[in-house]
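Notes follow the structure.
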C-alpha cells in the first residue's frame, strides 16, 4: 500500500498516478477488513475507489493534461537541505513516537454484539452501526446530508456561471 | 490477530507523510487533490484502528462522516479545477499565480 501510494505521488503521468491511488485505497479497505470494520471497508471501496476515482479519471481525461511539470524549483540551493531536514525530522518523529515502548499495545477485545450501558461497544455489523448513527449521531448525520446538498448546488452553480459567462 | 495498534499507526502516519509530501512537491492540481484524499484516508485508518482497539464505535462513525465530507469536497474541488482550466488552460499551480500580491 505504501509502495503504491509513493508511486502515486512520484508518477509523472496523471492517469498512472490515479491507478496507483486506486490500489492504495483498496488496500486501505483491506486494512479496514483486518480491523473488522466490514461496513467501512465496503464503503471505502464504493465511495473512494468507485465514485471519487471515477470522478478523478474523468477529469483527467477531460482536461487531457500532458503538460510537463516544471521541477526547476527543486534544484534551488536550499531546497536540498530543506528536504533532507524535513524528511529526517518526520521519520524521526514517527518512529520515535510509535515505537513499542511509547504506545502500550493493548489486547484486542473480542467483539460482542450486545451493547453495554453508557458506551457504544465496537461492533462489526451494519445494523448496530446504523442504530448508533440514527440515535446518538442524529444531528451530525443531518448536517452531513445538508452539506452534500450544499455541495451539489455549489457545483451546479460553479459550472452554470461559467457557461453563462461563455455565452456573453 | 497479532497486528498491534503500533503497526496501524505507523502505516497511517507514513501514508499521511506520503500525501503531505505529494501536496508539497507536486505542481499538478489534480495530483495535489489526490494527495489530499490520501491524507484523509490515512486519518481514517488511524481512527478506525483507535476505535477498534478502544472498543468503542464512535471513531468508525467519524470515519463515515469524514468519507462523506471528502466526497463532497472532491466534487466541489474538481468543479473548481475544471473552471480554472477553462479559463487559464493550465492545471499547474505555478502558472496559476494571479493572486500573488
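What follows is calculated from the coordinates using simple rules that are stated; it is not laboratory data. Remember, it's a predicted structure, so these values are computed and weren't measured experimentally. Cβ placement follows ideal geometry from the backbone for every residue including glycine, while neighbour counts extend to all protein chains displayed.
By how many degrees, between 0 and 90 and to the nearest 10, does the Cα long axis of helix B:5-25 differ from the longest principal axis of chain B?
10
Could you calculate the FRET efficiency of residue B:7 with residue A:64 from 1/(1 + (r/R0)^6), where r is the beta carbon distance between them and R0 is 51 Å, rounded to 0.05?
My answer for the efficiency is 0.80.
Using alpha carbon centroids, what distance separates region B:46-101 and region A:143-159, in Å?
14
Based only on other Cβ atoms within 10 Å, what is the fewest-to-most ordering of A:64, B:58?
A:64, B:58
Going by alpha carbons, how many degrees (0 to 90, nearest 10) lie between the helix axis of B:29-54 and the longest principal axis of chain B?
Orientation of helix B:29-54: about 10 degrees from the principal axis.
How far is helix B:58-88 tilted off the main Cα axis of chain B, in degrees rounded to 10, range 0 to 90?
Tilt relative to chain B: about 10 degrees.
Label-point separation (nm) for residue A:16 and residue A:149, each offset 7 Å from Cα along Cα-to-Cβ?
Result: 4.5 nm between the two label points.
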